Amino acid sequence: MTRVAIIGVGLHPWGKFPEKPWTQIMVDTAREALADAGVEWTDIQTLIAGSQIWGGRKGTYAGNYFAEVMGETGIPIINVNNACATAGAVMRVAYMTIASGVADLVMAAGVDKSPKGFFPSLPVYHQEPMPSVDTLRWNIGLPNPVFWALECRRRMELYGVTDADLAKTKVVMSKHGVLNPKARYRKIFTEEEVLNSAMVADPLRLYEICATSDGAGAVVLCNLQKAKKYTTKPIIVAASSVASGVYGDPTARIPSLGINPKPGVPIISESYVAAKAAYDQAGIGPEDIDFVELPDNSAWHPLQYLETMGFCKEGESHLLFRKEETLIGGKLPVCPSGGFSSFGEATMAQGFVQVYEIVKQLREEAGARQVKGAKVGIAEVYGAAANNSALILKK
Amino acid sequence: MTEKRQILVGEGLFTWPSDKPKLIATHCKSCGDYFFPKSFTCHNPKCKEKQVEEVTLSQRGKLWSYSVLYYPPPPPFVPRDPFEPIPIAEVEIPEGLKIIGMMEGIKPKDIKIGMTLELTVGTLYTDKNGNDVIGWKFTPVKA
Ligand SMILES: [Zn+2]
């Protein structure tokens, strides 16, 4: 297989941009990535793009409408939708397009604008004899944070995780996010402030659940052999994996109403499988990783993901936070970008926050957030309906 | 005055009307697994025969985990006015399934993991047309 490198990245600042068309957000971001790579849009041989959930028909074929304003060149465009894990799936398809030898220069891109507040239900136009579990859970009144709260409460019961431990995850993310000019929330939160924020889905408080944002990311990938033409700092894609759920997964996943757990199947099995596949592909293990970007959609997520990704034993992740090992400068910096906690979710695009961060870190261009001596970084991003993908990048 | 209608939150989910309503599920006679809501096939990838039947589930189970919603869920759910926090239960039943549903008849501070709960069917909320939406709920079993 052809080895693959990242030669350019772009990331739109995260926030709310009602006055700016999403196509423009995407174009600005893509131009940033192209300039960073030193290539022209007309050099791009294939576009892999995230397909939006909230953007109606136009958003479904986001890649095509983006290319229309970018300037149509007739290249293959593939629109990918793997829920909030879409960016990881986009990266995987872009990676495979080059690894297979089909193309040498590929753009991976994603942009999204989020609705306000809790993500709402979406209409279904099919005729069906029974409502789907996803329709039902909205009818019953179960927004996404409830599912995370169920897992979180169980964890607290089993392992003695406290409210303060949950708050601490937000504190750490905020200390990183304040240093990131692309982040939406740039303020350091104290444990007290987090604990005093309104309860939303007990045990998760307002500041422990990530907001919903608008944002975009773009990545230019290249055949490693040809990357030297464009850059002296190619970042190597050591692994790009996608995984789905395993039968018997005990997780109260989004969406579920009846769960059929089987012995030996891990919580968020799709994430466990994706991480393992990535380590196998890269030929390394968690001990070789210098920093991690994980999907901190809520305060529960970092605790679960550090275990799922193999960085500690089950039930011990909160101890890493208590010992401050997860801060930049600690043993295993977690989300030096500031995480989704500092950016907010922008479903199709949020995984690109992670890709951008790892590339910047490995190029030693992360400024005040720089993880000293970082050589290998891993990202994992997760979505509804048991979607996950993992990415390992190295110098 | 128009009469309030009762609307099921979904068809084929529980026996209704009934004095002792039960959840309707699929049982696979081949591998023994249960599925809720019911399905036209067994979802076990290792099961070859997939001989399924419709069954009803045990009404009692133990609280596996819980949450309490302090923010009103978005439409189509219609929260009470004024809003009251909504406890949510994940209940492990003898068939091995964990069922998620609204909890009632308990104050948030009294919820304990491991407590025994019983299935009931009743009004989840009144929809925007004034109809009662009927669904399953869990209530604590008094010792
Ligand atoms: Zn079966």
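The values are calculated or read from the model by the stated rules, or taken from the named source; none is laboratory data. This structure is a prediction, so every number in the text was calculated from the model and none was measured. Cβ atoms come from the backbone with ideal geometry, glycine included; neighbour counts cover every protein chain shown. In case anyone asks, the SASA skips ligands and DNA or RNA and just uses the protein heavy atoms, side chains included. Shrake-Rupley method; radii C 1.70, N 1.55, O 1.52, S 1.80 Å.
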Pick from the stretch B:42-55, criterion within 13 Å of chain A (Cβ to nearest Cβ) and either more than 7 Å from the ligand (Cβ to nearest atom) or in contact with a Pro (Cβ under 6 Å, 6 or more places away or on another chain) (or both), ranking: nearest to residue B:121 (Cα to Cα)
B:55
State all residues of the stretch A:241-250 that are over 26 Å from residue A:52 (Cβ atoms) and either without any contact (Cβ under 8 Å) to a residue 60 or more places away in the chain or surrounded by fewer than 19 Cβ atoms within 10 Å (Cβ to Cβ) (or both); if no residue qualifies, say none.
A:246, A:247, A:248, A:250
Take the stretch A:59-83 and flag every residue that is open to solvent by less than 20 Å² (accessible area, probe 1.4 Å) and touching a Gly at 6+ places or on another chain (Cβ under 9 Å).
A:62, A:63, A:80, A:83
Please state which one of A:338, A:351, A:344 is open to solvent by less than 10 Å² (accessible area, probe 1.4 Å), on the phi > 0 side of the Ramachandran plot and in contact with a Gly (Cβ under 6 Å, 6 or more places away or on another chain).
A:338
Considering only residues that are hydrophobic (A, V, I, L, M, F, W, C), away from every other protein chain (no Cβ under 14 Å) and part of a loop (DSSP other than H, G, I, E, B), look in the stretch A:259-297 and name the one that is nearest to the chain's Cα centre (by Cα).
A:294
Selection over the stretch A:107-161 where residues are part of a helix (DSSP H, G or I) and not acidic (Asp, Glu) yields a count of 21
Anything in the stretch B:86-107 that is open to solvent by 60 Å² or more (accessible area, probe 1.4 Å) and either closer than 18 Å to residue B:38 by Cα or in contact with a helix residue (DSSP H, G or I) (Cβ under 9 Å, 6 or more places away or on another chain) (or both)? List them, or say none.
B:92, B:94
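Conditions tested, residue by residue: (1) closer than 25 Å to residue B:100 by Cβ; (2) more than 11 Å from every other protein chain (Cβ to nearest Cβ); (3) surrounded by fewer than 22 Cβ atoms within 10 Å (Cβ to Cβ); (4) more than 22 Å from the chain's Cα centre (by Cα).
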residue: A:204; (1), (2), (3), (4): yes, no, no, no
residue: A:217; (1), (2), (3), (4): no, yes, no, no
residue: A:223; (1), (2), (3), (4): no, yes, yes, yes
residue: A:227; (1), (2), (3), (4): no, yes, no, yes
residue: A:236; (1), (2), (3), (4): no, yes, yes, no
residue: A:239; (1), (2), (3), (4): no, yes, no, no
residue: A:252; (1), (2), (3), (4): yes, no, no, no
residue: A:257; (1), (2), (3), (4): yes, no, no, yes
Which ones in the stretch B:17-32 are free of Cβ contacts under 8 Å to residues at least 24 places away in the same chain and either of a type in the set (Val, Ile, Thr) or near the ligand (Cβ under 8 Å from one of its atoms) (or both)?
B:30, B:31, B:32
Given (1) within 12 Å of chain A (Cβ to nearest Cβ); (2) touching a Lys or Arg at 6+ places or on another chain (Cβ under 6 Å), residue B:104 misses just (1)
Checking the condition out of contact with any helix residue (DSSP H, G or I) (no Cβ under 7 Å at 6 or more places or on another chain), of a type in the set (Asp, Glu) and within 12 Å of chain A (Cβ to nearest Cβ), which residue from B:127, B:110, B:81, B:132 passes?
B:127
Would you check which residues across the stretch A:132-164 are β-branched (Val, Ile, Thr) and more than 7 Å from chain B (Cβ to nearest Cβ) and list them?
A:135, A:161, A:162
Tell me whether the stretch A:129-146 contains one or more residues that are touching a Lys or Arg at 6+ places or on another chain (Cβ under 8 Å) and either buried (at least 22 other Cβ atoms within 10 Å of the Cβ) or among the acidic types (Asp, Glu) (or both).
no
Number of the exception - residue B:65 against (1) polar (S, T, N, Q); (2) open to solvent by 20 Å² or more (accessible area, probe 1.4 Å); (3) closer than 27 Å to residue A:120 by Cβ
(2)
Cross-chain or 6+ apart pairs with Cβ under 9 Å, the stretch B:105-119 first and over 21 Å from residue B:94 (Cβ atoms), then among the basic types (Lys, Arg) and open to solvent by less than 40 Å² (accessible area, probe 1.4 Å)
B:105/B:137
What is the one condition in (1) assigned by TED's automatic domain parsing to the domain that holds residue B:112; (2) within 16 Å of the ligand (Cβ to nearest atom) that residue B:65 does not satisfy?
(2)
Residues in the stretch A:42-57: is at least one part of a helix (DSSP H, G or I) and at pLDDT below 95?
yes
For the stretch B:14-41, how many residues meet the condition of being more than 15 Å from residue A:260 (Cβ to Cβ) and more than 10 Å from every other protein chain (Cβ to nearest Cβ)?
11
Can you tell me which residues in the stretch A:359-368 are in contact (Cβ under 8 Å) with a residue 40 or more places away in the chain and open to solvent by less than 10 Å² (accessible area, probe 1.4 Å)?
A:359, A:361, A:362
Residues in the stretch A:362-392 that are touching a Ser or Thr at 6+ places or on another chain (Cβ under 9 Å) and assigned to a helix (DSSP H, G or I) total 1
